[in-house]
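*Asks:* Have a look at this one before I ask anything.
Derivation of every value follows stated rules applied to the coordinates shown; laboratory data play no part. Owing to the predicted nature of the structure, the values given are computational and were not obtained by experimental measurement. Neighbour counts run over all protein chains shown; Cβ positions are idealised from the backbone, glycine included.
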Amino acid sequence: METFYEVMRRKGISRRSFLKYCSLTATSLGLAPSFVPQIAHAMENKPRTPVLWLHGLECTCCTESFIRSAHPLAKDVVLSMISLDYDDTLMAAAGHQAEAILEEIMTKYKGQYILAVEGNPPLNEDGMFCIQSGKPFVEKLKHVAKDAKAIIAWGSCASWGCVQAAKPNPTQATPIHKVITDKPIIKVPGCPPIPEVMTGVITYMLTFDRIPELDRQGRPKMFYSQRIHDKCYRRPHFDAGQFVEAWDDESARKGYCLYKVGCKGPTTYNACSTVMWNEGTSFPIKAGHGCIGCSEDGFWDKGSFYDRLTNVHAFGIEANADQIGGAAATVVGAAVAAHAAISVAKRARDTRKPATSDTPPRH
């Protein structure tokens with residue numbers, strides 16, 4: 001199988017452009033420039049990794065997000081970086097021909113291919129709520145997973161269950177990690193995940209031949225180590241106690257913090273406020289709507305998206321948002337008063353200060 005570099009050269013891409021691509025890839029992964037030679041070496045020498053992409057219960061929003069990646073472009077990932085040998089949404093083959101390709105790749109690259117899963121399997125009624133190739137999806141999932149090198153759970157459906165697993169969950173939709181327990185699973189939650197996060201995870205795995213460092217919930221730390229709240233451009237308003245109280249009020253027009261109208265940014269771990277969407281153009285909070293916490297487990301069952309969070313702490317202190325805002329106002333007021341008192345005392349002292357020999361007498 002060709003390497004990524006061989007594919008690019010065959011397409012007429014120059015060495016200079018290839019190195020620029022490697023530099024851009026390092027930047028998109030948050031890596032230092034010193035990693036560029038390592039990325040270039042990997043892409044020059046490692047064969048493209050076969051990827052098998054399965055779809056369970058889902059709405060295809062993860063695929064729709066993936067194909068809109070700009071750094072790197074989805075076409076470069078699919079056609080050059082990896083060998084996407086099976087994806088029943090994107091592939092041209094269908095029916096028996098498609099399933100034959102699936103079995104061929106599983107046999108030829110046993111233990112070497114990556115399984116990407118979008119959606120989840122329903123377990124009720126023996127899995128009959130999702131049938132593929134004449135069999136329940138849960139059977140297909142287990143069959144393809146048994147010889148996979150690693151598994152990527154795309155989106156909140158595969159990672160947590162999402163809306164299919166919301167109460168009362170009549171189909172018993174179940175996240176991937178509760179069905180596949182003997183393989184490493186990289187969770188990339190979001191409804192959908194950010195495009196560049198999806199392609200970034202794949203790029204990292206192909207470049208370094210290992211899964212990225214994960215948090216205790218199985219998410220890549222490079223994208224899920226901070227809350228949206230931590231890097232939100234509205235954070236200064238939160239700290240100052242300046243909140244939108246109602247939609248389209250004066251505070252909303254000033255761009256104040258959306259915490260009081262339900263924003264879940266303080267409890268949601270994702271890269272939305274830094275990577276953003278649509279080639280870094282915007283994200284929901286920037287568009288005027290609070291975060292709904294779609295990358296967190298069970299977000300559909302946590303009440304209305306507009307219910308206000310309670311007991312949100314900041315800076316490690318035991319204070320909620322109202323107390324933080326009140327304290328900030330008090331501190332500012334006290335500082336202003338103190339400054340004024342010092343200024344008055346200084347003026348009084350200056351007027352009482354006797355003239356020195358270097359100071360001409362006043363008349």
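*Asks:* Using only the Cα atoms of the range 221-285, what are the Rg and Dmax in Å?
*Replies:* Answer for the range 221-285, Rg first and Dmax second: 12.0, 37 Å.
*Asks:* Only Lys, Arg, Asp and Glu count, each charged at its Cβ (+1, +1, -1, -1), so figure out the dipole size of the range 214-282 about its Cα centre, rounded to 20 debye. Intermediate values should be presented prior to the final figure.
*Replies:* Values: 11 positive and 8 negative charges, 68 e Å.
Charge dipole of the range 214-282: 320 debye, to the nearest 20.
*Asks:* Right, another one. Enumerate the whole-percent occupancy of each 5 Å bin, from 0 to the last occupied one, for all C-alpha pair distances of the range 48-223.
*Replies:* 1, 9, 18, 23, 23, 16, 7, 2, 0
*Asks:* Among all the aspartates and glutamates, which ones have a C-alpha under 14 Å from Lys221's C-alpha, if same-chain residues fewer than 8 places away are not counted?
*Replies:* Glu213
*Asks:* Each residue of the range 109-123 in order: what ³J(HN,Hα) in whole Hz does its phi give by Karplus 6.51 cos²θ - 1.76 cosθ + 1.60, θ = phi - 60°, with x for Gly and Pro?
*Replies:* After applying 6.51 cos²θ - 1.76 cosθ + 1.60, I find 10, 4, x, 10, 8, 9, 9, 9, 10, 10, x, 9, x, x, 9 Hz.
*Asks:* Taking θ = phi - 60°, what integer Hz values does the Karplus form 6.51 cos²θ - 1.76 cosθ + 1.60 yield along the range 212-221, in sequence order, with x for Gly and Pro?
*Replies:* So the Karplus estimates, Gly and Pro as x, are x, 4, 10, 7, 5, 9, x, 9, x, 5 Hz.
*Asks:* While we're looking at this one, here's another question. Under the rule of at least 5 residues apart or a separate chain, name every residue whose amide H is placed under 5 Å from the amide H of Ile186.
*Replies:* Ile151, Ile152, Ala153
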